[in-house]
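Below is one structure, written out as C-alpha cells; the observations come after it.
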Amino acid sequence: MPLYERMNEMPAELARAAADTDAAVADELGALIPPPESPYNVKTLNALARAVADAARVMELDVEPVEYTEPAARLEPELVRMLSMLAAAADDYGQPLPVRLEDIRGDRELTAITAALIRLAKDEDFKRFLDMPADGAEVRVDIEMEEPEAPEGFDFARRMRLR
C-alpha cells in the first residue's frame, strides 16, 4: 500500500536515510502479524485496503489502496504500518479495534478490523477527535525538600565567612 510522500523535496541523502528507516520499521511491524492459517482472500484484502485508505484520509494521510489480484500469505509491511497507526488512534479515541494485530489469524479477523475501520472513517466524533490539538495538559510536579540537618558541631555561618 504505497504512501504518497514528498521524498523529492528532501536532500537525496536524507531521503535515502528516511526510506531505509521506513523499510526497517515496516519489516519489524510486518513480523508483528503471524502468517495466516491459509492465505488471505482477495476480496477480504481489497476491502481492508479500501477501509485503511478511508480511515487514513480522516487522519489526513494520502494513501492509495493497492488492488489485490491474488491471495496473500502475509500482509504487506506498509499495510501493517497503516493498521498499526490506525489501531493506536482508535485506542486513543477509546474504541480499540476488535482484534489486536498480533491476534490476526485469517480472513475473519481482517473482516472484523475492516468493519471497525469503516465505522471509524464515517464517525464524525472520531474526525473531531483527530482534529483536536495535542493534549497540552500541564504536568504538575510537587517536590518537597526537607532542610538537611546539619551535623552536630557544624557552624554554617563560620563556613560562609570569606577567608
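Conditions (1) assigned to a loop (DSSP other than H, G, I, E, B); (2) not charged (D, E, K, R), marked per residue:
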residue	(1), (2)
E28	no, no
P34	yes, yes
S38	yes, yes
K43	no, no
A47	no, yes
A51	no, yes
A55	no, yes
L61	yes, yes
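Given the criteria surrounded by 13 or more Cβ atoms within 10 Å (Cβ to Cβ) and either assigned to a loop (DSSP other than H, G, I, E, B) or not acidic (D, E) (or both), does A88 qualify? For A88, the condition - surrounded by 13 or more Cβ atoms within 10 Å (Cβ to Cβ) and either assigned to a loop (DSSP other than H, G, I, E, B) or not acidic (D, E) (or both) - is not met.
Cβ-Cβ contacts under 6 Å between residues 6 or more apart (or on different chains), taken from a first residue in the stretch 115-129 that is closer than 12 Å to D54 by Cα to a second residue that is exposed (fewer than 14 other Cβ atoms within 10 Å of the Cβ), are listed as A116/P98. Among the residues examined, T69 does not qualify as at pLDDT 95 or above, of a type in the set (S, T, Y) and assigned to a helix (DSSP H, G or I). Residues that are under 26 Å from K122 (Cβ atoms), small (G, A, S), over 20 Å from the mean Cα position of the chain (by Cα) and surrounded by 15 or more Cβ atoms within 10 Å (Cβ to Cβ) do occur in the stretch 26-47.
The values are calculated or read from the model by the stated rules, or taken from the named source; none is laboratory data. Keep in mind that this is a model prediction, so the values were computed, not measured. Quick reminder, even Gly has a Cβ in these numbers, built from the backbone with ideal geometry, and neighbours come from all protein chains shown.
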